[in-house]
Amino acid sequence: MKSKTKFLSIQHLSQILAAFSIDPNSKEAQMMKSTLTRCEDPLRFSQHFCAPSMEDMVDYVSSEFNPSVASKDLQVLSVIVTLPMEGSNRYRINKVKIAGEGKDTISCHKADFPYGALMCHHLAGATAYHVQLHSLGNDNLKVDALMGCHHDTSDWSMLYGAFEVHYKKRLN
């Protein structure tokens with residue numbers, strides 16, 4: 001496998017900001033710094049990997065599963081959004097279907113970065129689901145989403161980013 005996040009490093013943040021003409025004091029720069037922090041802090045954000053390209057993502061996924069899982073057993077799933085995106089952020093859940101119960105899952109999504117960087121999470125001890133959503137504010141907006149539900153988070157750090165987001169929302 002190639003070197004993990006060779007260019008996606010907090011050490012290179014000032015060079016990355018300069019390359020994309022991003023003000024170091026901007027909100028975008030702060031989001032990028034947060035992304036790089038999550039990529040590089042295994043104690044706080046375990047099981048994360050940031051891939052600077054699709055090729056690196058494929059290398060990472062292959063290295064995590066192979067040779068224990070034959071490539072024919074790997075399944076690629078994606079999120080489908082039926083446009084337009086304007087409208088309510090509230091959705092009705094139309095359907096939930098298990099996508100991979102009891103199987104190791106790696107979920108990757110676009111990272112907060114100025115180019116196609118991807119953040120991947122290894123979801124050991126989780127169940128993956130397909131979830132069909134329908135916007136409450138726009139009859140034409142439908143989302144075919146993927147989500148992972150962890151079975152046991154009792155040994156996770158209380159500083160884990162998802163917990164912070166959850167607690168902030170509960171306080172508001």
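The values are calculated or read from the model by the stated rules, or taken from the named source; none is laboratory data. Model, not experiment: these values are computed from the prediction. Cβ placement follows ideal geometry from the backbone for every residue including glycine, while neighbour counts extend to all protein chains displayed. What goes into the accessible areas is simple: the full protein's heavy atoms, side chains included, and nothing from ligands, DNA or RNA. Shrake-Rupley method; radii C 1.70, N 1.55, O 1.52, S 1.80 Å.
Quick notes
- Index of the failed condition, residue 72 passing every other in (1) at pLDDT below 65; (2) not in a helix (DSSP H, G or I): (2)
- Residue match in the range 137-159 (condition: open to solvent by 50 Å² or more (accessible area, probe 1.4 Å), modelled with pLDDT of 70 or more and in contact with a Phe, Trp or Tyr (Cβ under 6 Å, 6 or more places away or on another chain)): yes
- Residue that is touching a helix residue (DSSP H, G or I) at 6+ places or on another chain (Cβ under 9 Å) and modelled with pLDDT of 80 or more, where the choices are 98, 93, 22: 22
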